[in-house]
Amino acid sequence: MAKILIAYASANGMTRECAERLARELDGKDVVLCDLAKETPEFADFDVLVAGSSVRRGKLLPPARAFLETMAREGGERPVGVFLCCGFADRFEEYRERLIPKAIRERAFLIANFGGTLNPSGKPFWDKLWLFFARSSVVESEIDDGEYTPVLPGMIPENIGQMASFARTELAGKPNKNV
Ligand SMILES: Cc1cc2nc3c(=O)[nH]c(=O)nc-3n(C[C@H](O)[C@H](O)[C@H](O)COP(=O)(O)O)c2cc1C
């Protein structure tokens with residue numbers, strides 16, 4: 001059976017949750033989840049690659065950035081999907097263009113925003129502080145717009161579903177390569 005890698009980097013767990021959800025949606029497929037902070041996978045073992053990272057202070061997490069750069073150089077012709085988790089959905093397009101290597105952008109079957117959180121609860125102290133101010137700025141800007149029920153970000157399950165569906169199509173085109 002063709003094999004898919006889901007490699008991710010996550011600071012506080014949201015990107016990991018998204019990667020795990022994607023893996024569940026690919027139930028029945030040969031899926032390997034890999035935390036890039038703990039291990040570096042071999043491209044040669046996989047037919048389809050998916051990589052994800054959260055965005056912090058306008059950057060990818062270092063292990064994900066290194067992985068995407070290696071993937072651009074050494075990933076060969078394997079189909080690639082990329083996802084980002086970010087608290088500011090309106091900045092996704094800018095992150096996509098600036099943070100993802102051009103070689104990957106040009107051949108990815110999908111680059112998606114899986115959503116993100118600005119909820120400070122349960123996070124380490126400095127992250128909590130950052131998130132508290134980020135969240136307040138979203139709430140205040142929505143109140144300025146005359147909307148009194150601020151819409152805070154969260155996971156975007158439909159984008160995860162879309163990645164799963166595209167990945168299934170790619171896997172279907174690569175039967176038994178690793179057998
Ligand atoms: C210190 C810090 C910096 C962040 N910087 C950004 C940012 O520059 N842009 C953005 O859209 N979201 C930013 N976020 C929000 C994260 O992308 C969001 O919380 C995401 O869900 C984190 O995923 P993770 O738990 O897998 O790291 C930041 C969050 C923290 C705690």
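The values are calculated or read from the model by the stated rules, or taken from the named source; none is laboratory data. Everything numeric in this text was worked out from a predicted model, so none of it was measured. As a convention, Cβ positions derive from the backbone with ideal geometry for all residues, glycine included, and neighbour counts pool all protein chains shown.
Summary of values
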| quantity | calculated |
| --- | --- |
| Of all residues making up segment 71-100, the number that are modelled with pLDDT of 95 or more and loosely packed, with under 15 Cβ neighbours inside 10 Å | 4 |
| Criterion (of a type in the set (A, V, I, L, M), in contact with a Phe, Trp or Tyr (Cβ under 7 Å, 6 or more places away or on another chain) and either outside the structural domain of ARG105 (by TED's automatic domain parsing) or outside any loop (DSSP other than H, G, I, E, B) (or both)) met by exactly one of ALA72, ALA51 | ALA51 |
| Matching residues, segment 34-85, being within 14 Å of the ligand (Cβ to nearest atom) and among the aliphatic types (A, V, I, L, M) | LEU36, ALA37, ALA51, VAL55, LEU60, LEU61, ALA64, LEU84 |
| Single condition ARG91 does not satisfy, out of (1) in the same structural domain as SER165 (by TED's automatic domain parsing); (2) within 9 Å of the ligand (Cβ to nearest atom); (3) of a type in the set (Lys, Arg); (4) touching a Pro at 6+ places or on another chain (Cβ under 9 Å) | (4) |
| Flag if ALA134 is surrounded by fewer than 12 Cβ atoms within 10 Å (Cβ to Cβ) and aliphatic (A, V, I, L, M) | no |
| Residues within segment 105-129 that are touching a residue at least 12 places away in the same chain (Cβ under 8 Å), outside any loop (DSSP other than H, G, I, E, B) and near the ligand (Cβ under 10 Å from one of its atoms), tallied | 3 |
| Test: residue in segment 139-154 that is in contact (Cβ under 8 Å) with a residue 24 or more places away in the chain, within 11 Å of the ligand (Cβ to nearest atom) and either exposed (fewer than 11 other Cβ atoms within 10 Å of the Cβ) or not in a loop (DSSP other than H, G, I, E, B) (or both) | no |
| Segment 87-104 residues that are in contact (Cβ under 8 Å) with a residue 40 or more places away in the chain, paired with ones that are surrounded by 12 or more Cβ atoms within 10 Å (Cβ to Cβ) and polar (S, T, N, Q) (beta carbon under 7 Å, 6 or more apart) | GLY87/THR117; ALA89/ASN113 |
